[in-house]
Amino acid sequence: MTIRFDDRVAIVTGAGNGLGRAHALGLASRGAKVVVNDFGGARDGTGGSLTPAETVVEEIRKAGGVAMADGADVSNYEQVKAMVERATREWGSVDLLCANAGILRDKSFAKMEIADFAKVLDVHLTGTFYCCKAVWDGMRERNYGRIVLTTSSSGLFLTPLLMGLNEEARKSLGAQVPHPARLGHASEYGNLAVHIVENPMLNGETIRLDGAIRMAPR
Ligand SMILES: NC(=O)c1ccc[n+]([C@@H]2O[C@H](COP(=O)([O-])OP(=O)(O)OC[C@H]3O[C@@H](n4cnc5c(N)ncnc54)[C@H](O)[C@@H]3O)[C@@H](O)[C@H]2O)c1
C-alpha cells in the first residue's frame, strides 16, 4: 500500500536544509501540500533569508508537488501565527506539523553565554511550543491533526553538519552504530515522519532512530 497525503496540508519548520528538507520532500512526494518554513539564517541562528525555503519549494514543484515558502522565525509567535493563517487561507487547513527547526550554539558549560543558552531555548523549546499552539485549535476543530517533534538523534544522520567531517571521521562514527554499522541517511529520517503522520494509532510515542545504540551493552 502506498501512503498518500493528498488534500492534506503540512508545515515543516526548518525545511530549507538537512532533515527538515527530507521531511518536506517526503510529505510532498506523497501528495501533501507543504509549507516549507525556514528562517534561512546561519547555523547559529543569526541572519535570515528566504532562499533556502524557496530552493526546496522549487525542488518540490519540479517533482510535480505543491509547496509554498515561508520565512517565519519559529521563536516569534506573531510570525508563526501568520504562517498558519496564510496556509489555512490558501489551502483550507493545517493538518500536519513537523517541528524540526533548530540552531547550533554548541559550547562547553563554562564558555556558554547566557544569550546563547536563551536563544537555543527560544528556538528549540519555545519555538516548538509556538508552532504546536498555533496549529492546535484548527486541528481540534477539524478533528484531525498530526504533530511530529524531532530531537537530537539526528546527529547519527548524514546531514550537512556531519558531511562537514572527513570520510574517515564519518566512518569511525558510523562504526559505533550497532546496526546497521553506518550513519543514517536523511531520507531514512524523513520516511519515519511519513509513517508517524499516517498512522492514527501512533500517539504520544517517543521513537528513537538511533541504530540500536540504546540497546548496546555499556
Ligand atoms: N544534524 C545533527 O547532527 C543534529 C544534532 C542534534 C540536533 N539536531 C537538530 O535536528 C534538527 C534538524 O537538524 P539539521 O541537521 O537538519 O539542521 P540544519 O541546520 O541543516 O537545518 C535546520 C534548519 O532550521 C532553520 N532554522 C533555524 N532557526 C530557525 C527559526 N528560528 N525559525 C525557522 N527556521 C529556523 C535553519 O535555517 C535550517 O535551515 C534541528 O533542530 C537540529 O538542531 C541536529
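From Leu192, Leu161, grab the single residue that is near the ligand (Cβ under 10 Å from one of its atoms) and either assigned to a helix (DSSP H, G or I) or under 15 Å from the mean Cα position of the chain (by Cα) (or both). Talk me through it step by step, then tell me what you get.
Details: Leu192 fails: near the ligand (Cβ under 10 Å from one of its atoms).
Sole residue among the options that is near the ligand (Cβ under 10 Å from one of its atoms) and either assigned to a helix (DSSP H, G or I) or under 15 Å from the mean Cα position of the chain (by Cα) (or both): Leu161.
Any residue at all in segment 56-73 that is free of Cβ contacts under 8 Å to residues at least 24 places away in the same chain, outside any helix (DSSP H, G or I) and near the ligand (Cβ under 9 Å from one of its atoms)?
Pass one, segment 56-73, residues free of Cβ contacts under 8 Å to residues at least 24 places away in the same chain: 57-58, 61-62, 64.
From what is left, the residues that are outside any helix (DSSP H, G or I) are 64.
Remaining after also requiring near the ligand (Cβ under 9 Å from one of its atoms): none.
No, that holds for no residue.
Of all the residues that make up segment 1-23, how many are away from the ligand (no atom under 11 Å from the Cβ) and farther than 17 Å from Thr88 by Cα? Break it down into steps so the answer makes sense when it comes.
Residues of segment 1-23 that are away from the ligand (no atom under 11 Å from the Cβ), as a first pass: 1-10.
Next, from what is left, pick out any that are farther than 17 Å from Thr88 by Cα: 1-4.
Within segment 1-23, residues that are away from the ligand (no atom under 11 Å from the Cβ) and farther than 17 Å from Thr88 by Cα number 4.
Exactly one of (1) loosely packed, with under 13 Cβ neighbours inside 10 Å; (2) in contact (Cβ under 8 Å) with a residue 40 or more places away in the chain; (3) farther than 17 Å from Leu104 by Cβ is unmet by Pro160. Its number?
That leaves (3) as the condition not met.
Every residue in segment 74-113 that is near the ligand (Cβ under 9 Å from one of its atoms) and not in a loop (DSSP other than H, G, I, E, B), please.
Within segment 74-113, Gln79, Val80, Ala99 meet the criteria.
Check Val66, Val57, Val80, Val36 and return the single one that is among the aliphatic types (A, V, I, L, M), at pLDDT 95 or above and closer than 16 Å to Thr126 by Cα.
Numbers: Val66 fails: closer than 16 Å to Thr126 by Cα; Val57 fails: closer than 16 Å to Thr126 by Cα; Val36 fails: closer than 16 Å to Thr126 by Cα.
Val80 is the lone residue from the list that is among the aliphatic types (A, V, I, L, M), at pLDDT 95 or above and closer than 16 Å to Thr126 by Cα.
Here are the criteria: (1) outside any loop (DSSP other than H, G, I, E, B); (2) farther than 17 Å from Ala186 by Cα; (3) without any contact (Cβ under 8 Å) to a residue 60 or more places away in the chain. Tell me which single one Thr46 does not satisfy.
(1)
In the list Ser172, Ser187, which residue meets the criterion of being in contact (Cβ under 8 Å) with a residue 60 or more places away in the chain and assigned to a helix (DSSP H, G or I)? Working first, answer last.
Numbers: Ser172 fails: in contact (Cβ under 8 Å) with a residue 60 or more places away in the chain.
Testing whether each residue is in contact (Cβ under 8 Å) with a residue 60 or more places away in the chain and assigned to a helix (DSSP H, G or I) leaves just Ser187.
Determine whether Asp122 is of a type in the set (Asp, Glu) and exposed (fewer than 13 other Cβ atoms within 10 Å of the Cβ).
Numbers: of a type in the set (Asp, Glu): yes; exposed (fewer than 13 other Cβ atoms within 10 Å of the Cβ): no.
No, not satisfied.
The values are calculated or read from the model by the stated rules, or taken from the named source; none is laboratory data. The structure displayed is predicted, hence computed values, not measured ones. A quick note on method: Cβ atoms are made from the backbone with ideal geometry, for glycine too, and the neighbour counts reach across all protein chains shown.
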